[in-house]
Amino acid sequence: MEVKDIKIKSMKTEDFRDNESLQKYIDELEKGGFGIKVAPLDKVINWGRSYSVWPLTFATSCCGIEFMCVAAARHDFARFGFEVTRNSPRQADVIFVSGTITKKMAPVLRRLYDEMSEPKYVIAVGGCAVSGGPFKSSYHVVDGVDKIIPVDVYVPGCPPRPEAMLYAMMQLQRKIRVESIFKMPKNPENGSVILSKYNSDGTLVTPASETKQIEEGGAE
Amino acid sequence: MEKTLKMIQSVSSSCTKIDAADVMVSVDKKDLHKVCEALYKDGWDYLINLTAVDNVENIEIVYHISKSSDMEKFMVLKTNTTDVENPIIETVSDIWKSANLYEREAYDFFGVRFLNHPDMRRLFLRPDWVGYPLRKNYDNTPNEGIPSKVHDMDACEDVPSITLDRHGEIVENHTKLFGRNEYVVNFGPQHPSTHGVLHLRVSLEGETIKKIDPNFGYIHRGIEKMMESMTYPQMLFLTERLDYLCGSMNRHALCMCVEKAMGLEIPKRAEYIRTIFDELNRIASHLIGWACMCNDMGSITAFIYGMRDREKIMDIFQETAGGRLMTNYYVIGGVAQDIHPNFVNRVKEFIPYLRKMIKEYHTLFTGNPIARGRMINCGLLKKEDAIALGMSGPNGRASGWHCDVRKIAPYAAYSEVDFKEILHDGGDTIDRYMIRLEEIEESLKIIEQLIDKIPEGDFRAKVPAIVKVPAGEYYQRVENARGDFGVYLKSTGDKSPYRIKFRSPSMVAVSGLDPICRDTKIADLIMIGGSLDYVIPCIDR
Amino acid sequence: MKKYIKDLFSGIYALLQGMYITNLNFWRPKVTEQYPEDRQTARQFERFRGELVFDMNDQNEHKCIACGLCARNCPNQSLEVITKSITTEDGKTKKVLDKFLYDLGSCTFCSVCTQSCAQKAIKWTNNFEHAVFNRSALVKQLNPEGSKAIERKPAVAAPKAAPAAGQNENQQ
Amino acid sequence: MGSSEIFVVVMITAVVMVLAAIIIGWLLAPKSKNAQKGEPYECGIPTRGTSWLQFRPGYYLFALLFLMFDVETVLLFPWATITKTLGPNGILAILFFLLILVLGLAYAWKKGALEWK
Amino acid sequence: MLEVGGILSWIHEALSSSCPEWLTLLIEYVLIGVGFLALYALIALILILLERKVCAYYQCRLGPMRAGFWGLLQPFADMIKILMKEIIPLLKNDKFLFFTALFLVIIGSLCTFGALQFSKDLVGIDFNVGVFYVLAISSLGVLGILLAGWSSNNKYTMIGAMRAGAQLVSYELSSGLSLLTIVILGGTMQLSGLIEAQSETWFLFQTPFTWIAMVIYLIAGHAETNRGPFDLPEAESELTAGYHIEYSGITFGLFYVGEYVNMFTIAGIGTMVFLGGWQPFHINAEWAAGFNGVMDMIPTWLWFFAKAFGLVMLSLWVRWSFPRLRIDQLLHLEWKILMPISLLNMLLMALWVTVLVPLFA
């Protein structure tokens, strides 16, 4: 499967940034032995999932206000079918980590993420969530939520404007479109399908370590 | 003022006057409580701010006090302790209720323990946090350890306090906050209606609230510490992240504080622009406050209407300043760039539009019998309590307390406009609700008066290449959308401040939650929280 | 009893009025902006700060002289100016820009950098579509490969005289 | 086909529907395991003690009142179907019955039992 | 031609001519089950989309636009998503009751739904004590909600469940009493009989007291479906998600669907007892015979759905206009306003039927 096979309404593939990473992700999934040749049923399921991403109401600071703007009349993420914000992580599909995550909050966020039901996604909204942003030199701020939970999409901005969040949602939709429900790796203990974010022992795979490698490689 | 000084001197022999301009008095820590009591009896019943400063050889506590009856009066009281290892100072929380949280904050940041203070838990940091971050010898480098477990809630309920026993020895007492079988529910940190990451531990009996214990610090970002290592132009942007709903006003406070200290003259044009921006920001903030309160009461439609109309202000901001929520517009000496040619027209279009919309708001929500039934006579805050808690701003004015800084100590162009300070005297939720909508109309009036009169000229004064503030202590107040916002700045004449502290009007609002909400219902707690309109990052800083 | 009935009817009247307002809004034109459908046509405010870019001219030249002021003034180190030394034709060694790295992920859009740049080499653009899958994709190199600084007369090239910028600290 | 049979069919349908939905969800949805997943959700903070505690009687009071009036409605239904045939006499009879109940309601009202405390 | 009755009898004849009797019955039962299920799901999907769109329009938004044309496929996306979502194995709940609650809610919802009469000849459950049956079976849902809240072992759900108990139980009284008023007027408890009695004029236009009964019924019905301003058991902004916090995936989806269909059921019953069910609108006069003929041309199921969706729209309008009531206001409204009024209304109706009507007749 190629990146350009993923169709998003009114947007062309070249309008999206970071197609390389997505292609790499697809390649990785294919390499991992669960071929990504999207079966028709997969296609239907992925279509459904990508148009019904219900966010958890989770806002810690400034970006939360912009998140509220996305929900409000002018920008209205209901157009994408995302408007059912759930307050309970059990029923939510995506966390918009909008705002600074401090060391006191980090375990709470982790707990909320753990309490969510699969499949679940994370969007890091704003500088604070991406890298600690304005506060990365502080003693009490986590520099990047990817140290705590795996992040699917990063949205820079301080805070990002509402359209930027919609753009991020479309990026997430693209990522959802490449999943394959029947060919996901199985949990060796009970044979249940797991998504790749957890190891079999229940620990998380966070992309922070991967990112670091790439950064080091890129700096050479 | 001389009279006050005499009065203090009669109580305490150790009292010395420091500053000629304002009354700035230093007292020995032995006499502190006596002096404060005498001051309180003399009418100094409003403790604006309490700041601890680490001077390396001693730890200083600075009190900013004012009179609620005559808010123009303003004095600074100082005391210090040289015991840096184990600093202990007598509490004033029995005199001014608002000192309660301030002293806990001082303990959290500096390790200063307050004798007889009923509750010496950490305020912002985790109970198992090591060290006092605002001490000068604290290692500020971001350490790696991210805790993996939510902090121990039992430790949060264990309330230590220190008192003197009969022999004058210091003893440490521990009490439990809640009984074993109490029905304690956590509201927050992830809750749709705590307006951020406030964590309330609420003891319930059925629907009725018995006790509330607010927990802060989930968004404590160490702004004050970060600023100590930044230059003045650099740190301006952090002020907007404090109380993001009225960022410009906070930035205004710091800019004014630095400008005043440096003796900079601000061009008239900049002052007018700043005033208009402040008022627009106040409208935006009140609109969000109104919208969120309606949302808290279950009226999502009203919420969306409020946000819809706020977008118009966001457009005005974007066009001139280039940012939506974070305008980054004020700089030391004026504003960053001149207003956009469309600015005036856009504002003029906006004023009648919003007036029309506010009428709709009133029909939709204010007149609604359900809303009225919930708001009237619910969440009463008496004027005395408001003053004791230091709850200024719209919340204080809803209780009939004349406390608008724009009137008391006019800054920018406020002395040149004619506007009314909205006062209600009920002190219940509907007063707090109404006052916001009425203040929006008042702000519109202010903007209307100014918009056509923006003088020509520079929009920015000449500022030295390196901004250095002369040594000394400065305090600047502004009226932000939530009340009396203050900046305390201590400089040693360097490029960066020695100590900077923000007086957060939201913090006092939250401290009022427990007394206001007792014996009300869960739904009321959410509604009253909405009516107090606090912003958590401003508390946690 | 009279009050009971009066309250009842005034209550119903007020409720109906509220419903009237929502009904009014039901028929009003909607304010929703349809991003991404209106992607090509939507207006953007020219001053909106979306992303930092180099002010390039047609000859693929930029104005940066690699003085590093912006990086030093940035409150959270999101700019990195990497210089290299080259030998010019007349035998002098000169410091020129090698890489100008911009970490979009931690930028706060405070524009202290643009205000402090005496050369006006960097500017803001409106582009806001930045969301990526990988954090490292947010670190961007602002000077395109093969670009070079505008050749200028030595008198102008000195970064000293720039009091108008206000923020800079180049006296140090 | 009688209504009772349809009723049984509909009821079985409901049970089958729920069962099928749960089984499909159980089989097809991805799963993951971690220590915190099964914990009760309370805004991200661990719960204090158990939730199964004795609860305030306020709610039950209304349940009791409901019981009283619901029984009343049940008794009124047979009368209602034949009001027309019974004529004014029927009303007189039922009026007496209602009066007792209305008095009960008035009493509860006066005593403040209808106020939420 | 446009009626469904013909198709049904054709199926029955085709089956009985080719199969033995027991097989015919079995196939018919299965068909009935599947039919009801399909209708149930369809209505839920329509209502989900309707709610999203209508709510958006009241709020000056557009609502779903991108899933399918004009967002028409949005509910399908939601359904697929929620069906493929993990059901979390909770550690500390009462598992038996946790799942029993679901069954109760859906049984309550589907069985009440089954009592609707969609058209002249598409009649599901039609007991001779129909009104009684509806009142009884719909209270199963209350039990389900109570159990759901209790068994989750969570403080929020617990409060939600308690609220649900106090609220639903109270409002059942006034909805019962207003239905009783209609029973007095119609003289039967059978739903089909009630509809039959409205063939000339709908009950709504027969007496002034029907209006009062209908308003009370709609308010109480609205409250029974847990929708704003009566959404206390869920109270998003207070109890985060109310009694179903711990339900994930399709288990939550069933609550979600059940709630929407209940809304339709309430509207449907309201249609049947006040607005003449599938009966076309007739003007009871000599000169209006032509008009009545035109009205009769419209298929009866269309009449039913049009009226029911009209009431649903009304309920959505109310839902998106008002703030939430507090629990004491809620009980005040029921016990001090709706209850006394509906009792009085019932008595007046009885007087109307027995004294006034014979007097003028």
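The values are calculated or read from the model by the stated rules, or taken from the named source; none is laboratory data. Source: prediction; values computed, not measured. Cβ coordinates were reconstructed from backbone atoms using ideal geometry, including for glycine residues, and neighbour counts include every protein chain displayed. In case anyone asks, the SASA skips ligands and DNA or RNA and just uses the protein heavy atoms, side chains included. Shrake-Rupley method; radii C 1.70, N 1.55, O 1.52, S 1.80 Å.
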Averaged over all viewing directions, the convex hull of the alpha carbons in segment E:87-360 casts a projected area in nm² of 15.2
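Suppose all protein chains stay in the model; what accessible area per residue would a 1.4 Å probe give for segment E:87-360, in Å²? Please list the in-between numbers first.
Working: 7610 Å² over 274 residues.
Accessible area per residue: 28 Å².
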For C:Ser106, E:Ser18, D:Ser3, the accessible-area ranking with a 1.4 Å probe, largest leading, is E:Ser18, D:Ser3, C:Ser106
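Leaving ligands, DNA and RNA out of it, report the carbon-plus-sulfur percent of the accessible area of segment E:87-360 at a 1.4 Å probe. Mind showing how you got there, number by number?
Numbers: 5600 of 7610 Å².
Taking all protein chains in place, segment E:87-360 shows 74 percent carbon and sulfur surface.
How many Å² of accessible surface get buried when A and B come together, counting both sides, probe radius 1.4 Å, rounded to the nearest 100?
On the way: alone 11930 and 21460 Å², together 29440 Å².
Counting protein atoms only, the buried area is about 4000 Å².
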Relative to chain C, whose Cα atoms define the longest principal axis, helix C:2-27 and its Cα axis are tilted in degrees, nearest 10, by 40
Sorted by chain and then number, the residues having a modelled amide H within less than 5 Å of the amide H of B:Ile48, at least 5 places away or on another chain, are B:His64, B:Ile65, B:Ser66
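All other residues with a Cβ under 12 Å from the Cβ of B:Val159 taken together, and with Lys, Arg as +1 and Asp, Glu as -1, what is their net charge? Intermediate results must be reported in sequence, preceding the final value.
Details: positive: B:Arg104, B:Arg121, B:Arg122, B:Lys176; negative: B:Asp119, B:Asp154, B:Glu157, B:Asp158, B:Glu172, B:Asp213.
Spelling it out: positives minus negatives among the neighbours equals -2.
Determine the total buried accessible area between chain A and chain E, counting protein heavy atoms only with a 1.4 Å probe; round to the nearest 100 Å². The partial results should precede the final answer.
Working: alone 11930 and 18130 Å², together 27180 Å².
Buried area (both sides, nearest 100 Å²): 2900 Å².
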The aspartates and glutamates whose Cα lies under 16 Å from the Cα of B:Lys73, excluding any fewer than 8 residues away in the same chain, are B:Glu2, B:Asp19, B:Asp22, B:Asp42, B:Asp45, B:Asp404, B:Asp484
The Cα radius of gyration of segment E:142-181, divided by 2.2 N^0.38 Å with N its residue count, comes to 1.38
Sparse-neighbourhood loop hits (GluC sites (Glu not before Pro), segment C:46-118; DSSP loop; Cβ within 10 Å at most 15 others) -> C:Glu46, C:Glu89
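Over 27 Å between Cα atoms: which of B:Lys30/B:Lys407; C:Lys94/C:Lys140; B:Lys97/B:Lys501; C:Lys63/C:Lys140; B:Lys348/B:Lys407 fall into that group? Write down the numbers at each step before the final one.
On the way: B:Lys30/B:Lys407 37 Å; C:Lys94/C:Lys140 25 Å; B:Lys97/B:Lys501 20 Å; C:Lys63/C:Lys140 18 Å; B:Lys348/B:Lys407 25 Å.
Checking Cα-Cα distances, B:Lys30/B:Lys407 exceed 27 Å.
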Karplus ³J(HN,Hα) for segment B:374-383 (6.51 cos²θ - 1.76 cosθ + 1.60, θ = phi - 60°; Hz, whole; x = Gly/Pro) runs 7, 8, 5, 6, 10, x, 6, 10, 6, 4
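Using only DSSP helix segments of four residues or longer, with each worth -39500 (n - 2.57), what per-residue ellipticity at 222 nm results for the protein assembly as shown after dividing by its residue count and rounding to 500?
Values: 49 runs with 649 residues, N = 1411.
After summing the helix terms and dividing by residue count, I get -14500 deg cm²/dmol.
Select from segment B:375-464 those trypsin sites (Lys or Arg not before Pro) which occupy a DSSP coil region and have at most 15 other Cβ atoms within 10 Å, ordered by residue number. Spell out each step's value before the answer.
Numbers: sites: B:Lys382, B:Lys383, B:Arg397, B:Arg406, B:Lys407, B:Lys420, B:Arg432, B:Arg436, B:Lys445, B:Lys453, B:Arg460, B:Lys462; in loops: B:Lys382, B:Lys420, B:Lys453, B:Lys462.
Taking segment B:375-464 and a limit of 15 other Cβ atoms within 10 Å, the loop trypsin sites (Lys or Arg not before Pro) found are B:Lys382, B:Lys420, B:Lys453, B:Lys462.
Which FRET efficiency, nearest 0.05, do B:Glu2 and B:Lys41 yield, Cβ-Cβ r, R0 25 Å?
Details: r = 18 Å, r/R0 = 0.72.
In this case the efficiency is close to 0.90.
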Burial-style ranking of E:274-287, D:98-111, A:6-19, average other-beta-carbon count within 10 Å with highest first, yields E:274-287, A:6-19, D:98-111
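Hey, could you get me the Stokes-Einstein D for segment A:1-150, Kirkwood radius over alpha-carbon pairs, 20 °C and 1.002 mPa s, rounded to whole µm² s⁻¹?
On the way: Rh = 17.1 Å.
Using the Kirkwood radius from Cα pairs, D works out to 126 µm²/s.
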Ignoring ligands and nucleic acids, B:Trp290 exposes an accessible area, probe 1.4 Å, in Å² to the nearest 10, of 10
In square angstrom to the nearest 100, the accessible surface buried at the D/E interface, both sides summed with a 1.4 Å probe, amounts to 6800
By the rule of no other cysteine beta carbon under 4.7 Å, the lone cysteines of chain C are C:Cys64, C:Cys67, C:Cys74, C:Cys107, C:Cys110, C:Cys117
For chain E, the helices passing both cut-offs (Cα extent along own axis of 15 Å or more, Kyte-Doolittle mean at least 0.0, full DSSP H runs) are E:5-18, E:21-58, E:95-114, E:130-151, E:155-186, E:208-224, E:249-274, E:300-319, E:339-351
In this structure, the FRET efficiency calculated for B:Asp83 and E:Val30 from their beta-carbon separation, with R0 = 60 Å, to the nearest 0.05, is 0.10
Simple SL model, points at 7 angstrom along Cα→Cβ for B:Asp519 and B:Tyr138; separation in nm is 4.0
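So which chymotrypsin sites (Phe, Trp or Tyr not before Pro) in segment B:457-541 are both in a DSSP loop and have at most 13 other Cβ atoms within 10 Å of their Cβ? Working shown, then result.
Working: sites: B:Phe459, B:Tyr474, B:Tyr475, B:Phe485, B:Tyr488, B:Tyr498, B:Phe502, B:Tyr534; in loops: B:Phe459, B:Tyr498, B:Tyr534.
Passing sites in segment B:457-541 do not exist.
Go through E:258-264, B:524-530 and give me the packing order, highest mean Cβ count within 10 Å leading.
Values: E:258-264: 24.4, B:524-530: 26.4.
Taking the mean over residues of other Cβ atoms within 10 Å, the ranking is B:524-530, E:258-264.
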The answer for the net charge of residues other than C:Asp55 whose Cβ lies under 11 angstrom from its Cβ, with Lys and Arg +1 and Asp and Glu -1, is +2
Counting other chain Cβ atoms within 10 Å of each Cβ in E:172-180 and taking the mean gives 4
Straight-line reach check, B:Lys521, cutoff 20 Å on alpha carbons, 8 or more apart in-chain or any other chain, hits among lysines -> B:Lys210, B:Lys211, B:Lys382, D:Lys117, E:Lys155
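How fast does chain B diffuse by Stokes-Einstein, in µm²/s, taking the Kirkwood radius from C-alpha pairs at 25 °C and 0.890 mPa s? Intermediate values should be presented prior to the final figure.
Working: Rh = 24.1 Å.
Once the numbers are plugged in, D ends up at 102 µm²/s.
Let me confirm one metric for peptide A:139-146, namely the mean number of other chain beta-carbon atoms within 10 Å of its residues' beta-carbons.
Details: counts 15, 15, 6, 3, 4, 3, 0, 2.
Per residue, the number of nearby Cβ atoms from other chains is 6 on average.
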C:Gln40 and C:Tyr4 label points (each 7 Å along its Cα→Cβ direction) are spaced in nm at 6.8
Here, B:Val11 and B:Ala461, labelled 7 Å along Cα→Cβ, have an inter-label distance in nm of 3.7
With Cα coordinates, the longest principal axis of chain D makes an angle with the long axis of helix D:3-28, in degrees rounded to 10, of 20
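With loop defined by DSSP as not H, G, I, E or B, and exposure as at most 13 other Cβ atoms within 10 Å, which is the longest segment of chain B clear of exposed GluC sites (Glu not before Pro)? Walk me through the numbers on the way to the answer.
Numbers: sites that count: B:Glu57, B:Glu72, B:Glu85, B:Glu144, B:Glu169, B:Glu265, B:Glu456.
Answer - B:266-455.
How many percent of the accessible area of chain C is carbon or sulfur, using a 1.4 Å probe?
On the way: 5290 of 9390 Å².
Here it works out to 56 percent.
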Taking every residue of E:331-342, the Cβ atoms of other protein chains inside 10 Å of its Cβ average out to 4
Whole-Hz Karplus couplings 3J(HN,Hα) for segment B:115-126, θ = phi - 60° and coefficients 6.51, -1.76, 1.60, Gly and Pro as x, run 5, 6, 5, x, 8, 9, 8, 5, 9, 9, 7, 4
Given a Förster distance of 30 Å, the FRET efficiency implied by the Cβ-Cβ spacing of E:Leu72 and E:Leu204, rounded to the nearest 0.05, works out to 0.35
